[in-house]
Amino acid sequence: MTTSRREFLKGSALTVAAAIGSGGCIGVAAVDDRVRAEMRRCVAEGLYSGLACGSNHCGIAAEGFGTLEDPRLPVTSGSLFDLASVGKTQTAALCALLYAEGRLDVDAPFTEYLAEHVLAKEGCRITVRDLATHSGGFDNSKPYMVADPKRMFAALYAKRPVWGRGERYCYACSNYVYMGLIVERVTGLDLDAAARKMLWGPLGMSRTTWKTVVGDPDAVEYPQSTYDGPKRRIGERNDYCAHLAPRPMGNGACFSTAPDMLRFVVDMLRRERFAKAYYDLQFAPSFAKGGHRRSFGWDMADAKSTFSVWTETSFSRSAICHTGWTGSAIAVDPERNFAGVVLGNRLASKEKTMGARINLLDLMANCL
């Protein structure tokens, strides 16, 4: 049965109230009309099926639908979104925590932790920090994207860089697969268990997981245009490598809700839960060349960066931010005392939705 417009609006209002009551929006007023109007425009114009947005400046709002066909179920604050590459920030955070504990040297060759890699016997100079900033020289080819686990990991360990270390920025998912494997090696835990123990648990992120969530009524649906390979069931990972992998991979593809991700970014802003070194590492610019700026795990605004559109907003150059293939975006700007989250199941292309996500974050940053 199709959800009526009246039922949907009632559900959205209850969702916002529930989120405020639970502390998901950090105890501030509800999302203002400008943000809601932009969310509705994104849904009405077919950019997104549904959106859940929130920040420390305003509340959490939900618009649109989590399913693509009847019955059209509305997005709520409890909706589980596939974060896609926004999940890379979780991998980076785990590495930053290990660094802050003195268990990981981010300026050591990554092969010190992954001795199986072909570069380990060749005097590798590519560091963990280079992986985190996408500047080690690897391209985004994916010879490891095969169904057989033995062949997958053999291909990962055989992949060679295309450019010299530090020569250029190239966004490469394999960088974060390596970082995820390093977390496993140092902690003795898979990524989901490590995140639950070290990051999600301490922050109260009880609805975030690297595991598939098939059968969970809160999981949202994504159109075929957003993924490669066979059709996914709702709650299966969008990323094809993560979909094929026998366990969670560090290149992203974890699931989360707007309240949970807001807890993560607000903590990044407030710097209250973990050691100072954890936050300093993720906010400090670690690579800048050719118009690209990166901190450890995050984009920073510059002329040619993923967030080049940020140069047209009110965000400062101290802001750190990340987007995901499925339609999400998160940001933290210490100069503006802002932390915000946009989660959505996009219908239009990445390019067509990128400006909309950034605009939503900018609008929320101006909510007072």
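Sorting L189, L73 on the 10 Å Cβ count, fewest up front, what's the list?
L189, L73
Rounded to the nearest 20 Debye, what is the dipole magnitude of the range 41-189 about its Cα centre when Lys and Arg each give +1 and Asp and Glu each give -1 at the C-beta?
In total the dipole reaches around 380 debye.
Taking only Cα atoms, what is the 0 to 90° angle, nearest 10, from helix 173-187's long axis to the longest principal axis of the chain?
80
Give me the distance in nm between label points sitting 7 Å out from Cα along the Cα-to-Cβ direction at K276 and R103, one decimal.
So the label points at K276 and R103 sit 2.3 nm apart.
Taking 7 Å along the Cα-to-C-beta vector as the label spot, tell me the R34-D148 distance in nanometres, rounded to one decimal.
Going from the R34 label point to the D148 one covers 5.7 nm.
Where does helix 5-22 land angle-wise versus the long Cα axis of the chain, in degrees 0 to 90, nearest 10?
The helix 5-22 is inclined about 60 degrees to the chain.
From the phi angles alone, apply the Karplus equation (6.51, -1.76, 1.60; θ = phi - 60°) to the range 251-256 and give each ³J(HN,Hα) in whole Hz, x where the residue is Gly or Pro.
For the range 251-256, the Karplus-derived couplings read 7, x, 6, 8, 10, 7 Hz, x marking Gly and Pro.
Just add up the charged neighbours of C58: K/R +1, D/E -1, any other residue whose Cβ is under 12 Å from the Cβ of C58.
Summing Lys and Arg as +1 and Asp and Glu as -1 gives 0.
Beyond a 22 Å Cα-Cα separation, which of these cross-linked pairs lie in this structure: K88/K159; K197/K276; K142/K231; K88/K150; K150/K350?
K88/K150; K150/K350
So which lysines can K352 reach, going by Cα to Cα under 21 Å and dropping same-chain residues fewer than 8 places off?
Within the straight-line cut-off, K352 pairs with K304.
The chain: D in µm²/s via Stokes-Einstein (Kirkwood Rh, Cα pairs, 4 °C, 1.567 mPa s)?
Here the translational diffusion coefficient equals 63 µm²/s.
By count of other Cβ within 10 Å, fewest leading, how are D107, D218 ordered?
With the sparsest Cβ surroundings first, the list reads D107, D218.
Roughly how big is the chain's charge dipole about its Cα centre, with Cβ charges of +1 (Lys, Arg) and -1 (Asp, Glu), in debye to the nearest 20?
Roughly 240 debye for the chain.
If you split all Cα-Cα distances of the range 49-178 into 5 Å bins from zero, what percentages do you get per bin, shortest first?
Here the calculated profile for the range 49-178 is 2, 9, 15, 16, 15, 11, 10, 9, 8, 4, 1, 0.
Every number here is computed from the coordinates shown, using simple stated rules; none is lab data. A quick note: this is a predicted structure, and the numbers were derived from the prediction, not measured. Note that we place each Cβ from the backbone using ideal geometry, even for glycine, and neighbour counts take in every protein chain shown.
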